[in-house]
Amino acid sequence: MIRVANLAIPGILEGISFDLAPGERLGIIGESGSGKSLTALSIMGLTDLPVSGSITVDGTEMVGTPDRIRRKVRGKVAGMVFQEPMTALDPLKRVGALVPRELLKEVGVDRPEAYPHQLSGGQRQRVLIALALSQNPDYLICDEPTTALDVTVQRQILDLIDRLVAERGMGLIFISHDLAVVRRMTSRVLTFKDGRIVPNDSAYARQLELASRPGEPAAPTRLGEPIVALHNVSLRRGQTQALDNVSLTIRRGERLGLVGGSGSGKTSLLHTVAGLLTPDSGTVDVRGTMQMVFQDPYSSLNPRMAVVDSVREAGVDTQRAEEVLAGVGLEGTGSRKPREFSGGQRQRISIARAAAPRPDILLADEPVSALDVTVRAQVLALLDDTVGAGTLLFVSHDLGVVRELCPRIAVMHRGRIVEHGNTEKIWRDPQHEYTRTLIESRL
């Protein structure tokens, strides 16, 4: 049994108590910064913050005991899938050296020779899931395990975790900001708010329920002259054909959602538009200033720099930097370093930095994937306000979010754009088989 009794971290967690019986499934949901991840890290004995209370995992005390004792629990007794795969994987080791090939294949990764940076965000997340399962633990703690995954792979991973947990009789703690996912995976749910557990029938829990419902589709925007044009662009990355003869025109004022599976080429296309990748063939023409929100917020922020200074690096003054931080719900936090924020909060900082100089073109790579539903609505409103009459290229695996923000959509599959046009028309009547699969896979 995992038993948590009066867990507290000054200013962060207070009075957290719950039990997890062998084979039981417990969901934890709440806003970014509510203490979900720190609770999981405390159970694993992986936080250096001052922890009080008691946590026992199969009788082993994880609070106040030497690390040599806690190490015996990690991996063999309890495995953990971390929120940010890029920072959790060894960048100098090929993934096949970290995880048995059979298990890699089971989670849908067929590139054992690749280093973590050569994989997409979703593929890295799958490697991390395989790594957590590799020692066949008694308990599995999943911290946002499907955040970076598209809907088709999300369903596959959830089915995989579901099956393995059932077959091996593992206990499961499943942390997510996605209420539908938590309900699908667990039989009991704890709601976290401001470092405490609140009743599931509280006003806050009802607010989460309402915020998780689909929003209204985006209204059409007024389009101008072409501002981004790709013509017959191809790009090979290692053994993978990332882009295959892609042609795409984006007009000034257009808001285009780019969707597709993990590894379909979405991020490669975005990086090509940004000039971070040079295509092997074809042309890319961009007319206007650009800013980009990267997929992995932690690695895109300077860990030694206060976040207000990171935002000022985009070419704005302190007043504007503090204004956009407040706009993403982080007012008064500018003097703190990135490590002092949760994953979702770091994602908001990345958005604030890109939005600050009001660019002509905003490139957003999974900008709300790590955010809870209430903050997601706030950030989407910020993006909507920031882009204004400007141009947005918005990459996401969440079709519902794309539908709310982008009146036009392009679907990528295996490096190609397989469908492109009006979002509502494609939503109602998808023409390509892969698009139909994406829509049908939504929870």
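Quick note: the coordinates plus some simple rules give every number you see, no bench work behind them. From a predicted model like this one, the values you see are computed outputs, not experimental measurements. Positions of Cβ are backbone-derived with ideal geometry, glycine not excepted, and every protein chain shown enters the neighbour counts.
Note on the chain: with a GNM built from Cα contacts shorter than 10 Å, the maximum mean-square fluctuation among Y204, Y139, Y298 falls on Y204. Using r as the Cβ-Cβ distance of R206 and A180, and R0 as 22 Å, what FRET efficiency do you calculate, to the nearest 0.05? Rounded to the nearest 0.05, the efficiency is 0.90. Long hydrophobic helices in the chain, taken as whole DSSP H segments with a C-alpha length of 24 Å or more on their own axis and mean Kyte-Doolittle hydropathy at least -1.0: 151-168. Each of K76 and A389 was given a label point 7 Å from its Cα along the Cα-to-Cβ line. The distance between the two points is 6.7 nm. Centre-to-centre, using Cα atoms only, the stretch 134-164 and the stretch 8-27 are separated by 20 Å. Dimensions of the chain along the principal axes, based on C-alpha atoms and rounded to the nearest Å, stand at 66, 50, 41, largest first. Centre-to-centre separation between the Cα atoms of the stretch 294-309 and those of the stretch 105-131: 24 Å. Each stretch of four or more DSSP H residues adds -39500 (n - 2.57); spread over every residue of the chain, this sum gives -9000 deg cm²/dmol at 222 nm.
Under the classification rounded if a/c is under 1.5, otherwise prolate if a/b is larger than b/c and oblate if not, where does the stretch 315-401 fall, given a ≥ b ≥ c as square roots of the Cα gyration tensor eigenvalues? It comes out oblate by the Cα gyration axes. Among H397, H231, H413, which one moves the most in a GNM of the chain with springs linking Cα atoms closer than 10 Å? Taking springs between Cα atoms under 10 Å, the residue moving most is H231. Pairs of lysines in the stretch 2-211 whose Cα atoms sit within less than 25 Å of one another amount to 7, provided the residues are eight or more positions apart or on different chains.
Loop-located GluC sites (Glu not before Pro) in the stretch 222-323 (DSSP state not H, G, I, E or B) with no more than 14 neighbouring Cβ atoms inside 10 Å: E313. Mean-square fluctuations from a GNM of the chain, with a 10 angstrom spring cutoff on Cα atoms, peak among A389, A410, A40 at A389. For the stretch 37-77 versus the stretch 178-203, the inter-centroid distance based on Cα atoms is 23 Å.
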